[in-house]
1. Checking the conditions here, which among 193, 204, 213 is out of contact with any Pro (no Cβ under 8 Å at 6 or more places or on another chain) and either over 23 Å from residue 21 (Cα atoms) or open to solvent by less than 30 Å² (accessible area, probe 1.4 Å) (or both)?
2. Can you name the condition, by its number, that residue 107 falls short on among (1) surrounded by 14 or more Cβ atoms within 10 Å (Cβ to Cβ); (2) over 20 Å from residue 164 (Cα atoms)?
3. Evaluate the following for residue 100: is it among the aromatic types (Phe, Trp, Tyr), open to solvent by 20 Å² or more (accessible area, probe 1.4 Å) and either at pLDDT 95 or above or under 18 Å from the mean Cα position of the chain (by Cα) (or both)?
4. Exactly one of these conditions fails for residue 82: (1) assigned to a loop (DSSP other than H, G, I, E, B); (2) surrounded by 17 or more Cβ atoms within 10 Å (Cβ to Cβ). Give me its number.
5. Just checking, does the range 105-122 include any residue being over 15 Å from the mean Cα position of the chain (by Cα), more than 21 Å from residue 64 (Cα to Cα) and in a helix (DSSP H, G or I)?
6. Look at the range 131-147 and say how many of its residues are within 19 Å of residue 95 (Cα to Cα) and either surrounded by fewer than 18 Cβ atoms within 10 Å (Cβ to Cβ) or of a type in the set (S, T, N, Q) (or both).
7. What tally of residues in the range 17-66 results from selecting those that are of a type in the set (Asp, Glu), in contact (Cβ under 8 Å) with a residue 24 or more places away in the chain and over 14 Å from residue 158 (Cα atoms)?
8. Of the residues in the range 148-161, how many are surrounded by fewer than 17 Cβ atoms within 10 Å (Cβ to Cβ) and assigned to a helix (DSSP H, G or I)?
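The values are calculated or read from the model by the stated rules, or taken from the named source; none is laboratory data. It should be emphasised that the depicted structure is a prediction, and the values quoted were computed from it without experimental measurement. As a convention, Cβ positions derive from the backbone with ideal geometry for all residues, glycine included, and neighbour counts pool all protein chains shown. Please note that ligands, DNA and RNA were not included when accessible areas were found on the heavy atoms of the full protein model with its side chains. Shrake-Rupley method; radii C 1.70, N 1.55, O 1.52, S 1.80 Å.
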Amino acid sequence: MQKILTALGPNSEVIDAVDGMALTQAELSSAYQPSLHAPHYPFQLRPGETGCFLSHRAAWAALLESDADAALVLEDDVELTADFNAALDLAQRHLGDIGYIQLQTRDYVGTAIDRQGSYSLIQPQITPLRTSGQLICRTSAKLLLDASAPFDRPVDTFLQMHWHTGLHLGVVSPACITDRTAETGGSTIGASKPLFEKIQREWKRTRYRSKVKHLSKPRSSSG
């Protein structure tokens, strides 16, 4: 975290993450309520996933409590690439139009809205998973807070639902941050599972992704 803070400068701050395992049952039930939106999310959220979503909600709320127009939010297990500022400049130019732009740890292919240096800004039909980096404006933070009180799925799958949130996210590609989860001790969200359960979950995940793909298709209307 100190390395990230040094790179970002004096206006950056650390927001304490929410430990899902430390939440009471009442707190968990208040934040997370299954089967609220379509498509139905087929898995029960683990406490760590609930804590992760609440951590992002805390970051969005911190933006609204500040006098800033936008916020760059980075998870604590990332490292900035050497030319990160070029990617950030590209995202900032279009934040007013898009509202939320992902700064990803993976490369994505799509039609470029704009370019800067080696980076392209795209708006994929299906929003990529992962929330390692995000540039978000005040209006979008308020929109997402309202739409996720309560929530029924992990934060990255929630952000895919532009038909619910009203936000179709942009993505900067290629990757402008690096995932350092393994070097920082690994994720506390996941857990190992028996083989049969892994197969069953993969089947459910495939069905869910098919429904997301269908709902993500552009819609046309006739008068």
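1. From the options 193, 204, 213, the qualifying one is 213.
2. With (1) surrounded by 14 or more Cβ atoms within 10 Å (Cβ to Cβ); (2) over 20 Å from residue 164 (Cα atoms) applied to residue 107, the lone miss is (1).
3. Values: among the aromatic types (Phe, Trp, Tyr): yes; open to solvent by 20 Å² or more (accessible area, probe 1.4 Å): no; either at pLDDT 95 or above or under 18 Å from the mean Cα position of the chain (by Cα) (or both): yes.
For residue 100, the condition - among the aromatic types (Phe, Trp, Tyr), open to solvent by 20 Å² or more (accessible area, probe 1.4 Å) and either at pLDDT 95 or above or under 18 Å from the mean Cα position of the chain (by Cα) (or both) - is not met.
4. Going through the list (1) assigned to a loop (DSSP other than H, G, I, E, B); (2) surrounded by 17 or more Cβ atoms within 10 Å (Cβ to Cβ), residue 82 breaks only (2).
5. No - not one qualifying residue is present in the range 105-122.
6. Step one: filter the range 131-147 for residues within 19 Å of residue 95 (Cα to Cα), giving 131-145.
With the extra rule that they be either surrounded by fewer than 18 Cβ atoms within 10 Å (Cβ to Cβ) or of a type in the set (S, T, N, Q) (or both), the set shrinks to 131-132, 134, 138-140, 142, 145.
Of the residues in that region, 8 qualify.
7. So the first thing to find is which residues in the range 17-66 are of a type in the set (Asp, Glu), and the list is 19, 27, 49, 65.
Cutting the leftovers down to in contact (Cβ under 8 Å) with a residue 24 or more places away in the chain gives us 19, 49.
From what's left, over 14 Å from residue 158 (Cα atoms): 19.
Looking only at that region, the number is 1.
8. Count: 0.
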